[in-house]
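Asks: Sharing a structure with you now.
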Amino acid sequence: MPSLRPLDSLRVDVLLDNASDSYSSKPKHVSPEFNNCADAGAHELSGTTLCCAQLGLSLMLTGQAGSTRHKLLFDAGPEGAIFLRNCKDLGVALDDVEEVVITHGHWDHMGALTAALDGITQGMRRVPCHVNEGMFLERGARLTDGRVVPFEKVPSPAVLAQHGAEVVNNSEERTLLEDFFYLSGEIPRVTSFETGRVDHLCRDGEDQPWRPDPFLMDERYLAANLDGRGLMVFSACSHAGIINVLLDARAKFAETPIYGVFGGLHLVGSLEQVIPETVEQFRTFQPRQIVPAHCSGFRAVFALIKAFGEEIVVPSAVGSRYTF
């Protein structure tokens with residue numbers, strides 16, 4: 001069993017997400033975008049002082065245990081200029097980021113990675129960047145009208161190294177930063193209803209044929225242990241199925257309850273049909289916090305709020321800051 005150091009606190013800055021929502025009321029542990037941008041020095045609220053929402057996800061995780069603090073970037077979002085702008089508008093520094101974790105090989109999680117690495121390293125140091133070999137296939141999707149559209153290629157390990165990454169290209173599970181965080185290995189697909197994306201394809205190169213890639217076996221999740229509460233599980237897209245993710249986390253940390261889930265649940269399109277069973281399976285984990293983000297979809301968010309209530313389900317939005 002991996003061992004995780006209990007954290008006194010964990011701060012999550014939402015650097016990039018699909019949604020912007022500065023007006024909805026937030027619980028006390030969530031600081032809204034307006035406040036955060038004003039604290040960062042914005043003298044007025046405007047289109048240039050606030051964050052941009054964009055398809056994708058990037059979170060900055062800052063953990064504290066006693067006098068020890070560690071900071072990790074969890075995915076980078078799709079576009080470098082917007083990533084850097086949002087960090088600036090939120091007052092989130094990059095030069096003290098200690099490690100980078102990338103969950104899977106999609107442009108909306110890796111497109112901004114080279115710019116993020118430049119901001120982190122400033123050409124003066126190298127930063128560990130955790131990936132795995134399966135991320136570097138070419139990916140694409142079959143649209144509803146039958147066309148196949150390729151995804152933007154993600155930067156290769158060689159390119160990442162050119163931008164200051166100490167590339168950790170490893171498929172195995174491990175703990176990071178003095179056991180503050182757990183990075184999973186391959187997620188077992190065990191549920192009967194989480195069968196992946198039927199529209200998702202991959203290929204080995206531009207001259208090679210597309211083949212089905214519903215399971216995205218390169219996907220990983222991250223977890224942290226909140227002292228006295230339990231595991232906070234970060235699943236950027238849940239292509240494996242969020243219940244498969246939680247089952248694996250529970251198996252790996254059998255003596256630690258799952259406190260919450262933060263990230264994309266990917267219950268959209270053809271996967272909307274599994275929302276009812278997903279919600280029912282969620283009940284078996286008795287989560288105290290669910291933060292749907294990015295690719296969760298409004299129907300899944302609505303179903304989760306209906307099942308668990310607004311005290312537990314607090315949807316993510318770009319610029320928000322969660323403190324657990």
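Asks: Collect the residues in the range 214-242 that are under 22 Å from Asn170 (Cα atoms) and surrounded by fewer than 22 Cβ atoms within 10 Å (Cβ to Cβ), keeping them in residue-number order.
Replies: Pro214, Phe215, Met217
Asks: Further question: Filter the range 154-194 down to residues that are assigned to a loop (DSSP other than H, G, I, E, B) and of a type in the set (Asp, Glu) and give me whichever is surrounded by the most Cβ atoms within 10 Å (Cβ to Cβ).
Replies: By that ranking, first place goes to Glu194.
Asks: Same structure, new question: Can you tell me which residue is surrounded by the fewest Cβ atoms within 10 Å (Cβ to Cβ) among those in the range 75-130 that are among the basic types (Lys, Arg) and assigned to a loop (DSSP other than H, G, I, E, B)?
Replies: Here the answer is Arg125.
Asks: Give Leu113, Leu137 a once-over and let me know the one that is without any contact (Cβ under 8 Å) to a residue 60 or more places away in the chain, closer than 17 Å to Glu219 by Cβ and among the hydrophobic types (A, V, I, L, M, F, W, C).
Replies: Going through Leu113, Leu137 in turn, the sole match is Leu113.
Asks: Which condition number does Tyr322 fail, the rest of (1) in contact with a strand residue (DSSP E or B) (Cβ under 6 Å, 6 or more places away or on another chain); (2) buried (at least 21 other Cβ atoms within 10 Å of the Cβ); (3) within 17 Å of Ala249 (Cβ to Cβ) being met?
Replies: Going through (1) in contact with a strand residue (DSSP E or B) (Cβ under 6 Å, 6 or more places away or on another chain); (2) buried (at least 21 other Cβ atoms within 10 Å of the Cβ); (3) within 17 Å of Ala249 (Cβ to Cβ) one by one, Tyr322 breaks only (3).
Asks: Only one of these conditions is not met by Cys51: (1) touching a helix residue (DSSP H, G or I) at 6+ places or on another chain (Cβ under 8 Å); (2) of a type in the set (A, V, I, L, M, F, W, C); (3) in a helix (DSSP H, G or I). Which number is it?
Replies: Of everything listed in (1) touching a helix residue (DSSP H, G or I) at 6+ places or on another chain (Cβ under 8 Å); (2) of a type in the set (A, V, I, L, M, F, W, C); (3) in a helix (DSSP H, G or I), Cys51 misses just condition (3).
Asks: So for the range 1-10 (the condition being over 20 Å from the mean Cα position of the chain (by Cα), buried (at least 18 other Cβ atoms within 10 Å of the Cβ) and at negative phi), does at least one residue qualify?
Replies: For the range 1-10, residues over 20 Å from the mean Cα position of the chain (by Cα), buried (at least 18 other Cβ atoms within 10 Å of the Cβ) and at negative phi: present.
Laboratory data are not the source of any read-out in this text; all were calculated from the coordinates shown. Keep in mind the model is a prediction, meaning the values are calculated, not measured. For neighbour counting, all protein chains shown are included, and Cβ atoms are generated from backbone atoms with ideal geometry for every residue, glycine included.
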